[in-house]
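Below: one structure, written as structure tokens.
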Amino acid sequence: MTAQKGKALLLKLGDGGAPETFTTIAGLRAKSLSLNAETVDITHAESSNAWRELLAGAGVKTASVSGTGVFKDETVDGDVRSAFFAQSLDNWQVIIPDFGTIEGLFQITTLDYAGEYNAEATYTLALESAGELTFTAI
């Protein structure tokens, strides 16, 4: 895989329809995805040379998504704001260029608004996974 433009990483919100349509969250300048897996330590007194032992496949897996940007689309901004206030679990996609798509339920956990008197209004959002995610390779 060659180097990719950061702006090609996309965050999309599903509309809940059948079939589901996804809309790109416009205006995001910075986006990140973090995949995590907890470990389950099963080390005991007889572990070889006191090395830690882990139980394979036993930890909780989570994903966190964050983004920062400027207001560009009133409709999408309204959808994000509505999802936050409803604390709904919505289907989201994270498109990673030349890699694939991660999709699943997420909840918006942070929605910040900011602005300076001589600059544009900005927002920051954070999502936490709320179920099993799927990965589709490109």
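The values are calculated or read from the model by the stated rules, or taken from the named source; none is laboratory data. A quick note: this is a predicted structure, and the numbers were derived from the prediction, not measured. A quick note on method: Cβ atoms are made from the backbone with ideal geometry, for glycine too, and the neighbour counts reach across all protein chains shown.
Residues in the range 106-138 that are of a type in the set (F, W, Y) and outside any strand (DSSP E or B): Y117 alone.
Of the residues S64, S48, S32, only one is closer than 18 Å to L133 by Cα, of a type in the set (S, T, N, Q) and either modelled with pLDDT under 95 or touching a helix residue (DSSP H, G or I) at 6+ places or on another chain (Cβ under 9 Å) (or both); which?
None of the other options fit; the residue is S32.
Considering A26, A83, A137, A30, the condition of being over 14 Å from L13 (Cβ atoms), under 18 Å from the mean Cα position of the chain (by Cα) and surrounded by 12 or more Cβ atoms within 10 Å (Cβ to Cβ) is satisfied by A30 alone. Per the listing F106, F71, the residue uniquely closer than 14 Å to K12 by Cβ, in contact with an Asp or Glu (Cβ under 8 Å, 6 or more places away or on another chain), surrounded by 14 or more Cβ atoms within 10 Å (Cβ to Cβ) and hydrophobic (A, V, I, L, M, F, W, C) is F106. For the range 105-119, indicate whether the set of residues that are modelled with pLDDT under 95, under 15 Å from the mean Cα position of the chain (by Cα) and aliphatic (A, V, I, L, M) is non-empty. No - not one qualifying residue is present in the range 105-119. Condition first: out of contact with any Ser or Thr (no Cβ under 7 Å at 6 or more places or on another chain), surrounded by fewer than 17 Cβ atoms within 10 Å (Cβ to Cβ) and in contact (Cβ under 8 Å) with a residue 24 or more places away in the chain. Can you find one or more residues in the range 49-61 that meet it? Among the residues of the range 49-61, at least one is out of contact with any Ser or Thr (no Cβ under 7 Å at 6 or more places or on another chain), surrounded by fewer than 17 Cβ atoms within 10 Å (Cβ to Cβ) and in contact (Cβ under 8 Å) with a residue 24 or more places away in the chain, which makes the answer yes.
Among the residues examined, I95 qualifies as in contact with a Leu (Cβ under 8 Å, 6 or more places away or on another chain), at pLDDT below 95, of a type in the set (A, V, I, L, M, F, W, C) and assigned to a strand (DSSP E or B). Which residues, taken from the range 20-54, are among the aliphatic types (A, V, I, L, M), assigned to a strand (DSSP E or B) and farther than 19 Å from D77 by Cα? Across the range 20-54, the qualifying residues are L33, L35, A37, L54. Taking the criterion of being surrounded by 12 or more Cβ atoms within 10 Å (Cβ to Cβ) and in a loop (DSSP other than H, G, I, E, B), the residues of the range 1-19 that qualify are Q4, L9, D15.
Screening E103 on (1) part of a strand (DSSP E or B); (2) out of contact with any strand residue (DSSP E or B) (no Cβ under 6 Å at 6 or more places or on another chain); (3) not aliphatic (A, V, I, L, M) shows it passes everything except condition (2).
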